[in-house]
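S.K.: My questions all concern the structure below.
Read the figures in this text as sums done on the coordinates, not as results from a lab. This structure is a prediction, so every number in the text was calculated from the model and none was measured. Methodologically, a virtual Cβ is constructed for each residue, glycine included, from the backbone with ideal geometry; neighbour enumeration extends over all protein chains shown.
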Amino acid sequence: MSNFSDSELTESPVDAKSAANYRLALGAVIGLGVVIVIVIAVMVFGMVEGWGKKPVVAAAPPKPVSMTLAPGYRILSSDTQPGRLILHVRSEAIDEIDIIDLTDGRIISQIHAEAPK
């Protein structure tokens with residue numbers, strides 16, 4: 001003999017709202033799972049194909065910079081920094097420091113003083 005009655009063995013009625021919510025949640029989980037799989041596939045494809053790499057552009061060879069000192073000037077010392085040349089030049093009347101851009105040869109800055117006597 002069983003301790004359960006017939007009413008307990010029959011299924012209880014399913015609430016239509018909870019079934020709809022369950023289907024909606026299940027659809028959202030499946031949809032997001034599909035989106036995740038697609039995103040991972042695109043990422044793997046991008047890594048294989050080299051997306052995100054900067055294209056290698058052949059640099060133009062630097063054009064030579066030509067400079068001529070004014071008559072009577074002589075170079076006392078020189079120094080370099082990335083892309084710049086620093087010259088200490090002197091004439092009979094002027095002592096100066098020139099900072100020159102090596103990409104185009106223009107003088108960025110000059111410091112003038114009277115030459116020592």
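S.K.: Sorting Ser91, Ser18 on the 10 Å Cβ count, fewest up front, what's the list?
M.R.: Ordered from fewest to most neighbouring Cβ atoms within 10 Å, Ser91, Ser18 come out as Ser18, Ser91.
S.K.: While we're on this one: Note down the nm distance, to one decimal, between modelled labels 7 Å out along Cα→Cβ at Val35 and at Gln110.
M.R.: About 6.5 nm separates the two model spin labels.
S.K.: Within the set of other residues whose C-beta is less than 9 Å from the C-beta of Arg90, count the net charge using Lys and Arg as +1 and Asp and Glu as -1.
M.R.: Value of the local net charge: -2.
S.K.: Near Ile100, within a Cβ-to-Cβ distance under 14 Å, what is the net charge of the other residues, with Lys and Arg +1 and Asp and Glu -1?
M.R.: That sum, taken over residues with Cβ under 14 Å, equals -3.
S.K.: Spin-label point model (7 Å from Cα, Cβ direction): what's the Val44 to Ile86 distance in nm?
M.R.: 5.6 nm
S.K.: I've got another one for you. Work out how much length Tyr73 to Lys54 would gain on full extension: take 0.36 nm times their residue separation and subtract the Cα-Cα distance, in nm to one decimal.
M.R.: Stretched out fully, the Tyr73 to Lys54 stretch lengthens by 2.2 nm.
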